[in-house]
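Presented below is the structure to which this report refers.
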Amino acid sequence: MRAVWITKAGGPEVLAVRESPDPKPGAGEVRIAVRAAGLNFAEVMARQGLYPDAPKPPCVVGYEVAGVIDTLGAEVTGLEVGQRVLALVRFGGHAESVCAPVERVLPMPDDLSFVDGAALPVNYLTAYHMLFRVSQLRPGMRVLVHMAAGGVGIAVLQLCRTVPGVVTFGTASAAKHDVLREEGCTHPIDYRTEDYPARVRELAGGEGVDLVLDPLGGRDWKRGLGLLRPVGQLIAYGFANLNAGERRSVRRLVGQFSGVPVLSPFTMMNRNRTVSGVNLGHLWGRPDLLNEELTALLELWSAGAVKPRIDGVYPFAEAAAAHRRIGERGNIGKVVLVP
Ligand SMILES: NC(=O)c1ccc[n+]([C@@H]2O[C@H](COP(=O)([O-])OP(=O)(O)OC[C@H]3O[C@@H](n4cnc5c(N)ncnc54)[C@H](OP(=O)(O)O)[C@@H]3O)[C@@H](O)[C@H]2O)c1
């Protein structure tokens, strides 16, 4: 099979399409002929050597795929060869073929395309899990969404629309604001030219927000905490600020880590604040939670409440361009790889 390999840490030029033997499904696993695989920010950081969870290069990453089951491992029940499925995989998804344990595989609705199917698991699960499990999104809440035009950001905006009266503040480059409005963002903010905390405060009548979803990390976590009104919650779910272009910068790493706020339960108690963390990759041991949430998402998709916005579909041979698209902040929505 062909797969997109990260040959060593570095810029997009370290990616290479290589042949390797087809994987064999173990007991309780199925093998999926991949038709589309999502490219995530984490995988761009993995290529740069900035994602500690990734396997050591040379490696094949990829957390999510849509495709067709072509082989069943021993003891598999409830799934069949030829079935269209989507799956969460812990790496190896950027390949023509990948094995997945049955508990992380879900049948796809007939009218869901492989490309859209591959765009759902990571981005939409992250958004759903934050809004409806870790937080309890209620009518009228004010939500600050960073990286609002990215895959998770757009999923968050679409899900916020399913609850009446939610007010969203979305940070993104100015060129992406029309799309943000289309996706339901109440207040797009250009974080590159504006002091976003000041702008959020102004738009919120000086009062702050109820929920900050922050995948930026470092100093932005401190800014987010300062924007919470009483009973507010900040969910930390990424550290995109470590990314400073295509290569690792030690200066930036030190600057960002030193900006991480030191938290005290006393302050949180006295200010009625909550800080939560989300890392889907570390919820691997809870397929029950993830499946319940993914099933709810497929129902929302069937009802037309959510729809992945695809920025671009890249053949494996153009994986470097796909990585560049995200690394250079060009994408609006999801970048998908196809064999
Ligand atoms: N914890 C979890 O389980 C989990 C799961 C999925 C994703 N995440 C995190 O969520 C974040 C978003 O992921 P995604 O896949 O939705 O991202 P994405 O689609 O790749 O979004 C990339 C966009 O983010 C914006 N951005 C803001 N700051 C950036 C920076 N420092 N470097 C590069 N781009 C930056 C850029 O657009 P503008 O400049 O126009 O804003 C860029 O186009 C990432 O931090 C990711 O690690 C966490």
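Note on ASP53 and SER249: their simple-model spin labels are 2.6 nm apart, each label 7 Å out from Cα toward Cβ.
In the chain the Cα-Cα distances spread across 10 Å bins starting at 0 as 6, 26, 34, 24, 9, 1, 0 percent of all pairs.
Two decimals is fine: what's Rg over Rh for segment 123-281, C-alpha atoms, Kirkwood radius as Rh? Reported Rg/Rh (Cα atoms, Kirkwood Rh): 0.94.
A straight chain from SER173 to THR77 at 0.36 nm per residue would run longer than the Cα-Cα distance by 29.8 nm.
Subtracting the Cα-Cα distance of LEU263 and ALA296 from their residue separation scaled by 0.36 nm leaves 8.5 nm.
Every pair of different Cα atoms in segment 35-108 enters the Kirkwood calculation, which places the hydrodynamic radius at 13.0 Å.
Rounded to whole numbers, the Karplus 3J(HN,Hα) couplings from phi for segment 319-333 are 4, 4, 5, 5, 4, 4, 4, 7, x, 8, 6, x, 6, 10, x Hz, using 6.51 cos²θ - 1.76 cosθ + 1.60 with θ = phi - 60°, and x at Gly and Pro. A 1.4 Å probe run over segment 123-281, with the rest of the protein chains in place, finds 44 Å² accessible per residue. Summary of packing: across the peptides 18-27, 295-304, the per-residue average of other C-beta atoms within 10 Å ranks them, highest first, as 295-304, 18-27. One chain, two ends: THR7 and ARG286. Fully extended at 0.36 nm per residue, the span grows by 97.3 nm beyond their Cα-Cα distance. Restricting the calculation to Cα atoms, every distinct pair contributes to the Kirkwood radius of segment 1-78, found to be 13.8 Å.
Excluding ligands, DNA and RNA, the accessible surface per residue across segment 1-100 is 39 Å² with a 1.4 Å probe. In the chain, the DSSP beta bridges split such that about 55 percent are antiparallel, to the nearest 5.
The share of Cα pairs per 5 Å bin across segment 1-143, counted from zero up to the longest distance, runs 2, 10, 18, 19, 17, 15, 10, 5, 2, 1, 0 percent. Taking the average, over residues, of other Cβ atoms within 10 Å as the packing measure, peptides 37-44, 63-70, 139-146, 259-266 rank 37-44, 63-70, 139-146, 259-266 from highest down.
Consider all pairwise Cα distances in segment 62-210 and report the whole-number % of them above 18 Å.
Values: 6966 of 11026 pairs.
Every Cα pair in segment 62-210 considered, those over 18 Å come to 63 percent.
Approximating the spin labels as points 7 Å out from Cα along Cα→Cβ, the ASP111-to-GLU19 distance works out to 4.2 nm.
The values are calculated or read from the model by the stated rules, or taken from the named source; none is laboratory data. Nothing here was measured: the structure is a model prediction, and the numbers come from that model. Quick reminder, even Gly has a Cβ in these numbers, built from the backbone with ideal geometry, and neighbours come from all protein chains shown. Remember, those area values only see protein heavy atoms, side chains included, never the ligands or the DNA or RNA. Shrake-Rupley method; radii C 1.70, N 1.55, O 1.52, S 1.80 Å.
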